[in-house]
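Here's the structure we're looking at; comments come further down.
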Amino acid sequence: MQNSTSVNPKHHLVQKTEDDLSLSDVNGSIEVPENGSFWRKLLAFSGPGALVAVGYMDPGNWVTSVAGGAQYRYTLLSVVLISSLIAMMLQYMAGKLGIVKQEDLAQATRDRTNKVGGFVLWIMTELALIATDIAEVIGGAIALHLLFGWSMIASVLTTAFDVILLLLLMKFGFRKIEAIVMTLIITILVIFAYLVILSTPQLSALFGGYLPQLQTLSSHTSIGGGDSQLTLTLGIIGATVMPHNLYLHSSISQTRKVDRSNKSELKEAVRFMTWDSNIQLSLAFVINSLLLILGAALFFGHADKVGTFGSMYNALKDNSIAGAIASPILSTLFAVALLASGQNSTITGTLTGEIVMEGFLHLRIPMWLRRVVTRGLALIPVVAFTLIYGGSEGKLDELMVQSQVFLSIALPFTMAPLIYFTSSKKIMGEEFANPKWIAVLGWIAFAVLTYLNVRLVVQQLMGS
């Protein structure tokens, strides 16, 4: 495929594209060694998995995971585990689609659906991106408020300027961005590992929490109120298995230079992509587990006192809640990790926005404009909630939880095309189509998630 545009980019912000490679500026830009050890090749392919993993530990995860631990102790760890396994399977499919077909999921979907179907899927994807951005805005704004004491509205509006940070990072090149993102992931991991070690969780109950339990699907709320386990289950799934990550991975898996006429080289690329993705998603699984464990070990029995980021921040320095380990240092570390998480997610959200718009609409706009539009749409409900409720963190966190539930509702609309495309021998070829057992597991996950989503919508409409 060759790059082409039908209008002069010097005179128009919006460019019409037809056959452009996904993220053409970086597509196939990173050399990989033809020979060398397993570890040398793995290092060359490592990076896209880190960008994907970022979406599995953004601020949206924090509220649902900590709240889940505070309300139901370790029970929902099984949901974190199952979500992570589903994520690994889906990201494998997404990365493989990009490498084998040299198409991202948006391009593949648009080329194989009619105009109406493609438009509906594009709208769902854009709404999911806005929901993701809402979580980043709220998380980043509250972190700024906690660290610097700014008013909530000032903190919310400050997040609008993260586009400057992103544009500066893009100047360093894609490999440098991968390294920066990985550094921030490690920072978050170290902070929460330290907090959990200090909280001394009950190990037998902790590991028992990873065993699946039917009560995680209960629509009844806990004693003392709060969200039902079903709502938190779907919130965790929505915050863990992020729809936009499937589009992202199918694109950035193409950044490595691969000879697609050589099937053995293609197989090797898929293999190392899978290693990279699973290693990074394992880190995301650990971080999400640590979030829930922290809620269970420190805040169980105090769920009503840790319903917001601000109250979590305050609880970490309150002896009556966090016990003897409480200190201002722990609170500050929590806020720093929250800020790092929000900024990390900004990078991947913007890249995905570009991928989705080019793939579905064959339109390309400058990254800064794309970022302004996406962040602007996300700011509207956040600013409205901030002004209407006087900067109430509780209302903002409630908005964030609902945004994560929406992501869970949007996920099947992304899963179905991905599973279908990568399971088709006609599309992927005999050697690269999903094995039957993976295809079956994919469709089971799709069916179960769709059923749970219907239950959640009914539950909310009935007001139960």
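The values are calculated or read from the model by the stated rules, or taken from the named source; none is laboratory data. Small disclaimer: the values here were computed from a predicted structure and weren't measured. Neighbour counts are summed over all protein chains in view; Cβ atoms, including those assigned to glycine, are modelled from backbone coordinates with ideal geometry. Ligands, DNA and RNA are stripped out before the accessible areas are found, and what is left, the full protein with its side chains, is counted by its heavy atoms. Shrake-Rupley method; radii C 1.70, N 1.55, O 1.52, S 1.80 Å.
A few points about this structure:
Residue-wise test of (1) free of Cβ contacts under 8 Å to residues at least 60 places away in the same chain; (2) touching a Leu at 6+ places or on another chain (Cβ under 9 Å); (3) basic (Lys, Arg).
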{"position": "Lys115", "(1), (2), (3)": "yes, no, yes"}
{"position": "Met124", "(1), (2), (3)": "no, no, no"}
{"position": "Ile134", "(1), (2), (3)": "no, yes, no"}
{"position": "Gly139", "(1), (2), (3)": "no, yes, no"}
{"position": "His145", "(1), (2), (3)": "no, no, no"}
{"position": "Ser155", "(1), (2), (3)": "yes, yes, no"}
{"position": "Thr159", "(1), (2), (3)": "no, yes, no"}
{"position": "Gly173", "(1), (2), (3)": "yes, no, no"}
{"position": "Thr183", "(1), (2), (3)": "yes, no, no"}
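- Looking across segment 202-217, just one residue is in a loop (DSSP other than H, G, I, E, B) and at pLDDT 90 or above, and that is Tyr210.
- Subset of segment 384-393 (residues that are among the hydrophobic types (A, V, I, L, M, F, W, C) and touching a helix residue (DSSP H, G or I) at 6+ places or on another chain (Cβ under 6 Å)): Phe385
- Residue in segment 64-72 that is open to solvent by less than 30 Å² (accessible area, probe 1.4 Å), within 23 Å of Ala131 (Cβ to Cβ), among the hydroxyl-bearing types (Ser, Thr, Tyr) and modelled with pLDDT under 85 present: yes
- Yes/no for Met312 being of a type in the set (A, V, I, L, M), in a helix (DSSP H, G or I), open to solvent by less than 40 Å² (accessible area, probe 1.4 Å) and in contact with a strand residue (DSSP E or B) (Cβ under 6 Å, 6 or more places away or on another chain): no
- Pick from segment 335-380, criterion open to solvent by 30 Å² or more (accessible area, probe 1.4 Å) and of a type in the set (D, E, K, R), ranking: nearest to Gly49 (Cα to Cα): Glu354
- Matching residues in segment 104-128 - criterion: being open to solvent by less than 40 Å² (accessible area, probe 1.4 Å) and not in a helix (DSSP H, G or I): Asp104
- Condition check for Asn434 on (1) surrounded by 15 or more Cβ atoms within 10 Å (Cβ to Cβ); (2) in a helix (DSSP H, G or I): one failure, at (2).
- Selection from segment 179-201 of residues that are surrounded by 15 or more Cβ atoms within 10 Å (Cβ to Cβ) and outside any helix (DSSP H, G or I): Pro201
- Count of segment 141-162 residues which are open to solvent by less than 30 Å² (accessible area, probe 1.4 Å) and at pLDDT below 85: 2
- Residue list for segment 85-99, filter: open to solvent by 10 Å² or more (accessible area, probe 1.4 Å) and in contact with a Leu (Cβ under 6 Å, 6 or more places away or on another chain): Met88
- For segment 439-456, taking the residues that are under 22 Å from the mean Cα position of the chain (by Cα) and open to solvent by less than 20 Å² (accessible area, probe 1.4 Å), the one that is modelled with the highest pLDDT is identified as Gly442.
- Residue count for segment 291-309, restricted to those that are open to solvent by 20 Å² or more (accessible area, probe 1.4 Å), outside any loop (DSSP other than H, G, I, E, B) and modelled with pLDDT of 80 or more: 1
- When we screen Glu398, Glu431, Glu393 for residues that are touching a residue at least 60 places away in the same chain (Cβ under 8 Å) and within 30 Å of Ala143 (Cα to Cα), the only hit is Glu393.
- In segment 33-78, residue nearest to Tyr210 (Cα to Cα) [restricted to those that are in contact with a Leu (Cβ under 7 Å, 6 or more places away or on another chain) and of a type in the set (A, V, I, L, M, F, W, C)]: Leu77
- Qualifying residue in segment 251-267 (condition: crowded, with 24+ Cβ neighbours inside 10 Å and closer than 17 Å to Met57 by Cβ): no
- Residue in segment 163-173 that is assigned to a helix (DSSP H, G or I) and either touching a strand residue (DSSP E or B) at 6+ places or on another chain (Cβ under 9 Å) or at pLDDT 85 or above (or both) present: no
- In the set Gly442, Gly390, Gly376, Gly359, only one residue is at positive phi and either outside any loop (DSSP other than H, G, I, E, B) or of a type outside the set (Ser, Thr, Tyr) (or both); that residue is Gly390.
- Residue in segment 272-280 that is surrounded by fewer than 19 Cβ atoms within 10 Å (Cβ to Cβ), over 30 Å from Ala67 (Cβ atoms) and aromatic (Phe, Trp, Tyr) present: yes
- Filter result for Asn27 (open to solvent by less than 70 Å² (accessible area, probe 1.4 Å) and either under 17 Å from Val258 (Cα atoms) or modelled with pLDDT under 55 (or both)): yes
- The one condition from (1) in contact with a helix residue (DSSP H, G or I) (Cβ under 6 Å, 6 or more places away or on another chain); (2) over 27 Å from Leu291 (Cβ atoms); (3) in contact (Cβ under 8 Å) with a residue 60 or more places away in the chain; (4) aliphatic (A, V, I, L, M) that Ile438 does not meet is (1).
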